[in-house]
Amino acid sequence: MAMQWVSANQKLIRQIASPYRRYMTAENADLLQEATIAAFKALLTARKKTKPEQFVPFFRVIFKTNCIKLASGIQTEYCFEINNLPVHDQNEEPEDHENSEAVEKALKTVSKRQREICIWLLEQPEPVSTPELAREFNISRRHACRLISNSIKSIAGASR
């Protein structure tokens, strides 16, 4: 439903995003995905508050907030940090049992999808860029950045 609404209201989406567009590092596809996420959140909010007529105002607030975040670089900082993710050196000795237990413990702090992505990243012989990650899992580049960023936060939070 959110995807259909976004497809039918692209002019409104561009209008809301236009003041912030030049400051965003997002592409058009990323912007439409952010709009879809905002539409989904607005649908949930309108349903929760039993005010379906308020969907568009809810969408405007949520989407505008996302645009401001994108323009201020809140999420893009993580994208630059993880564009080329480090992997272990080929010449290193294989992991010992203690390290693999630590990795397993750390991966228990993230969602199933994040765990799947983290395991795939750890198995790669070369550093992987976020566009490659996005292609592999059939997700947007922004969503790949968000998944990795949230995984790093979860794992870091659990290690404290």
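Quick look at the numbers
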| item | result |
| --- | --- |
| Ordering of 46-59, 27-40, 127-140 by burial proxy (mean other Cβ atoms within 10 Å per residue, highest first) | 27-40, 127-140, 46-59 |
| Phi-based couplings in Hz for region 131-144 (Karplus 6.51, -1.76, 1.60; Gly and Pro marked x) | x, 5, 4, 4, 5, 4, 9, 6, 10, 6, 4, 5, 5, 4 |
| Vicinal HN-Hα couplings computed from phi for region 145-151 (Karplus, 6.51 cos²θ - 1.76 cosθ + 1.60; Hz; Gly/Pro x) | 4, 5, 4, 5, 4, 5, 5 |
| Distance (nanometres) between label positions extended 7 Å along Cα→Cβ at M1 and K64 | 2.4 nm |
| Dipole magnitude (debye, nearest 20) for region 2-74, charges at Cβ of Lys, Arg, Asp, Glu | 280 debye |
| Segment A8-Q124, extension gain: residue separation times 0.36 nm, minus the distance between their alpha carbons | 37.8 nm |
| Using θ = phi - 60° and Karplus 6.51 cos²θ - 1.76 cosθ + 1.60, couplings along region 46-61 (whole Hz; Gly, Pro as x) | 4, 5, 4, 8, 6, 10, x, 5, 8, 4, 4, x, 4, 4, 4, 5 |
| Order of K105, K64 under a 10 Å beta carbon neighbour criterion, fewest first | K105, K64 |
| Förster radius 45 Å - calculated FRET efficiency between T50 and T109 (Cβ-Cβ, nearest 0.05) | 0.80 |
| T25/N138 FRET efficiency (R0 30 Å; Cβ-Cβ; nearest 0.05) | 0.90 |
| Kirkwood hydrodynamic radius of region 1-46, Cα pairs, Å | 10.8 Å |
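Read-outs throughout are calculated quantities, based only on the coordinates presented, and are distinct from any laboratory measurement. If you're wondering where the values come from, they're calculated on a predicted model, not measured in any experiment. Reconstructed Cβ throughout: ideal geometry from the backbone, glycine too, with neighbour counts over all protein chains shown.
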